[in-house]
Amino acid sequence: MQALVTGATSGIGRAIALALHGAGHQVVALGRQKDALAELKALGIDARCADLADRASLAAALDGLAPDVLMNNAGMVAAPGNFCDMAEVDIHRLVAINLTQALLVTHAIAPGMRARGLGHIFFTGSVAAYAPYPNMAVYAATKAALGAFAQSLRLDLSPAGVRVTEIVAGRVESPLYKDVLTPGARAAMYAGQTAVQPEDVAAMVLAVLNLPTHVDVARFDILPTRQPVTPQVPAAEKSK
Ligand SMILES: NC(=O)c1ccc[n+]([C@@H]2O[C@H](COP(=O)([O-])OP(=O)(O)OC[C@H]3O[C@@H](n4cnc5c(N)ncnc54)[C@H](OP(=O)(O)O)[C@@H]3O)[C@@H](O)[C@H]2O)c1
């Protein structure tokens, strides 16, 4: 089976790409970081450079693909802070990367799955979609929209036998905040709890995929045992 993973160069997506590859799937991995793409290629994974914000780059990367599994995982955070202080460019970028590209990738791939009567589409969502999340209002909005899309898409595709799963992730220890928080602030985020590891999410994805095709896990929540439902994200220092 062919599996397409977006955001496969880092964190959760990388762990999922490796797990799917290890389970014998033919994996197509998308991302931009050249070293990470080269590492995946060295393992035998079809790793392709694509900027998901660029329509031409995305179209080139998807050309000729007809995956049975689509992992819509790529995402980003902007510097956490009060919405009133947010740069307009960050609002556009969050919507483009966390929401619009996932809709466009799905729009390119889902018709083939519907025609073949086979497929499984995952979305990496967030607990931020379901509970108030300070300093992350636009991120939360993009994940809420993604969740609503996933649940509605499932109703469009279920008559054709295509499964849709929304992953509602709590705090996962990944490089997600590396460009927007200081190392100290990032360390503080993970203190006092054992964060979910990217490999834990990948294990759940494999478990869900391996269920019989008459079973669809429409959504699963995965968060650290000791994490409250709404974790705190500190404002980035520069916006204080
Ligand atoms: N970590 C958490 O606590 C957490 C919690 C809930 C949900 N999530 C979600 O989990 C998903 C994966 O995040 P992560 O935690 O694994 O963070 P990460 O390690 O930073 O991974 C993000 C991935 O998205 C890709 N990406 C971002 N912008 C892109 C662009 N313009 N074009 C192509 N690829 C792009 C990155 O690829 P390049 O760097 O190569 O461009 C990278 O592979 C995201 O959707 C995130 O919102 C994470």
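The values are calculated or read from the model by the stated rules, or taken from the named source; none is laboratory data. Keep in mind it's a predicted model, so treat the numbers as computed, not measured. Here the Cβ positions follow ideal geometry from the backbone for every residue, glycine too, while neighbour counts run over all protein chains shown.
Here are a few things to note about the model shown:
- Taking the conditions (1) more than 14 Å from the ligand (Cβ to nearest atom); (2) at pLDDT 95 or above; (3) under 25 Å from G119 (Cα atoms) in turn, A42 satisfies each one other than (3).
- Every residue from the stretch 76-117 that is surrounded by fewer than 18 Cβ atoms within 10 Å (Cβ to Cβ), in contact (Cβ under 8 Å) with a residue 24 or more places away in the chain, within 16 Å of the ligand (Cβ to nearest atom) and of a type outside the set (A, V, I, L, M, F, W, C): D90, R93
- Of the residues making up the stretch 157-173, those that are within 16 Å of the chain's Cα centre (by Cα) and either among the β-branched types (V, I, T) or under 20 Å from A102 (Cα atoms) (or both) are V164, T165, E166, I167, V168, A169, G170, V172.
- Whenever a residue of the stretch 43-67 is more than 12 Å from L4 (Cβ to Cβ), its partners that are assigned to a helix (DSSP H, G or I) and among the hydroxyl-bearing types (S, T, Y), lying with C-beta atoms within less than 6 angstrom and at least six residues away or across chains, give the pairs D51/S57.
To keep it simple, each residue is scored yes or no on (1) touching a His at 6+ places or on another chain (Cβ under 6 Å); (2) closer than 22 Å to M189 by Cβ; (3) more than 12 Å from the ligand (Cβ to nearest atom).
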{"site": "F123", "(1), (2), (3)": "no, no, no"}
{"site": "T142", "(1), (2), (3)": "no, yes, no"}
{"site": "G161", "(1), (2), (3)": "no, no, yes"}
{"site": "I167", "(1), (2), (3)": "no, yes, no"}
{"site": "P175", "(1), (2), (3)": "no, yes, no"}
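- Boolean, Y190 is of a type in the set (F, W, Y) and either surrounded by 20 or more Cβ atoms within 10 Å (Cβ to Cβ) or in contact (Cβ under 8 Å) with a residue 60 or more places away in the chain (or both): no
- T194 falls short on exactly one of the conditions (1) of a type in the set (V, I, T); (2) within 14 Å of the ligand (Cβ to nearest atom); (3) assigned to a helix (DSSP H, G or I), and that condition is (3).
- Test: residue in the stretch 175-186 that is part of a helix (DSSP H, G or I), free of Cβ contacts under 8 Å to residues at least 12 places away in the same chain and aliphatic (A, V, I, L, M): no
The rows are residues; the columns are (1) more than 18 Å from K143 (Cβ to Cβ); (2) at pLDDT below 95.
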residue	(1), (2)
G170	no, yes
K178	yes, yes
A191	yes, yes
H214	yes, no
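- Filtered residues of the stretch 76-109 (kept if of a type in the set (V, I, T) and not in a helix (DSSP H, G or I)): V77
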